[in-house]
Amino acid sequence: MRIALFVTCLGDTLFPEAARACVEVLERLGHEVTFPAEQTCCGQMHLNSGYRAEAARLARRFARVFEEQELIVAPSSSCVGTVRELYADLLGAPVPVVDRVVELSELLVDRLGVEDVGATFAHRVAYHPTCHSLRVTRVGDAPARLLGEVRGLELVELARADECCGFGGTFAVKNADTSIAMLSDKLRHVLDTRAEVCVAADNSCLMHIGGALRRQRAGVRTMHLAEVLAAQE
């Protein structure tokens, strides 16, 4: 199958390893991955901050850049959710391409019917289901099912996993005190698991959680789901 990668602006700028891992996993499964070079941002941050005109321009660009692609995957429930759930209202008309945009775990489990991607990762892992993956893209247990098939991986239960980490894009900037309080709760639950690695399907949340873990020198690292699925260690 030919699959186009939407890298996302955050991934392209700060977390290219997650995008590379997506490609590695899909190619390992025998698929061809393409990268439309004109892609930029989905417009989520603009839309969340009230800049609808700017977000609409980015939405139209996204639709134009990906219009010829049969299937588009992104390593971000947050960005996928923006495209699928908000573009029609933002542009005032149906956008055909949105139905072809999927998050990595739902592509693997729901579209391709694959749970074992041939990964090996001998570490104790806590999975944080991000707000967008729970409530917008609704990927369900697809990430956990994928992690459960990784050789050597010990998946531990994260208490109150469905609670937000406090990032929420510009929410963390505009409501810093509340964001930090929410993050503190999330960190406590992560540390209680004694996990070596905290995994999620959105690098935005991992950036928030990982920054706090590093500041506390907690000894817990963060990794995108795609990186674990690409691992051979």
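The values are calculated or read from the model by the stated rules, or taken from the named source; none is laboratory data. This structure is a prediction, so every number in the text was calculated from the model and none was measured. We place every Cβ from the backbone using ideal geometry, glycine too, and count neighbours over all the protein chains shown. The area values use the complete protein model at the heavy-atom level, side chains included, leaving out ligands, DNA and RNA. Shrake-Rupley method; radii C 1.70, N 1.55, O 1.52, S 1.80 Å.
What are the GluC sites (Glu not before Pro) within region 148-193 that DSSP puts in a loop, where the Cβ has at most 16 other Cβ atoms within 10 Å? Intermediate values should be presented prior to the final figure.
Values: sites: Glu149, Glu154, Glu157, Glu163; in loops: Glu149, Glu157, Glu163.
Answer in residue order: Glu149, Glu157, Glu163.
Placing one identical point scatterer on every Cα of region 182-225 and ignoring solvent, what is log10 I(q)/I(0) from the Debye formula at q = 0.20, 0.22, 0.34 Å⁻¹?
Scattering profile of region 182-225, log10 relative to I(0): -0.53, -0.65, -1.45.
Rounded if a/c is under 1.5, else prolate if a/b beats b/c, else oblate: with a ≥ b ≥ c from the C-alpha gyration tensor eigenvalues square-rooted, which is region 1-138? Could you put the intermediate results ahead of the total?
Working: a/c = 1.84, a/b = 1.52, b/c = 1.21.
It comes out prolate by the Cα gyration axes.
Heavy atoms only, probe 1.4 Å: what % of the accessible area of region 127-227 goes to carbon and sulfur, would you let me know?
Values: 2370 of 4810 Å².
The value for region 127-227 is 49 percent carbon and sulfur by accessible area.
Please list Thr40, Thr82 from largest to smallest accessible area, probe radius 1.4 Å, with all protein chains kept in place.
Details: Thr40 65, Thr82 5 Å².
Largest accessible area first, the list is Thr40, Thr82.
Mean residue ellipticity at 222 nm from the helices of the chain, using -39,500 (n - 2.57) per DSSP H segment of n ≥ 4 over the full residue count, to the nearest 500 deg cm²/dmol? Don't jump to the answer; show the numbers that get you there.
On the way: 11 runs with 106 residues, N = 233.
Result for the chain, helices only: -13000 deg cm²/dmol.
Sort Tyr51, Tyr127 by heavy-atom solvent-accessible area, probe 1.4 angstrom, most to least. Intermediate results must be reported in sequence, preceding the final value.
Numbers: Tyr51 125, Tyr127 30 Å².
If we order Tyr51, Tyr127 from most to least accessible, we get Tyr51, Tyr127.
From the mean inverse distance of alpha carbon pairs (Kirkwood) and the Cα radius of gyration, derive Rg over Rh for region 87-220. Don't jump to the answer; show the numbers that get you there.
Values: Rg = 16.4 Å, Rh = 16.2 Å.
Using only Cα positions, Rg/Rh for region 87-220 is 1.01.
Return the Cα extents of the chain along principal axes one, two and three, sorted largest first, each rounded to a whole Å.
Cα spread of the chain along its principal axes, largest to smallest: 47, 45, 27 Å.
Solvent-accessible area per residue for the chain at a 1.4 Å probe radius, Å²?
Working: 10720 Å² over 233 residues.
So the chain comes to 46 Å² accessible per residue, rounded to a whole number.
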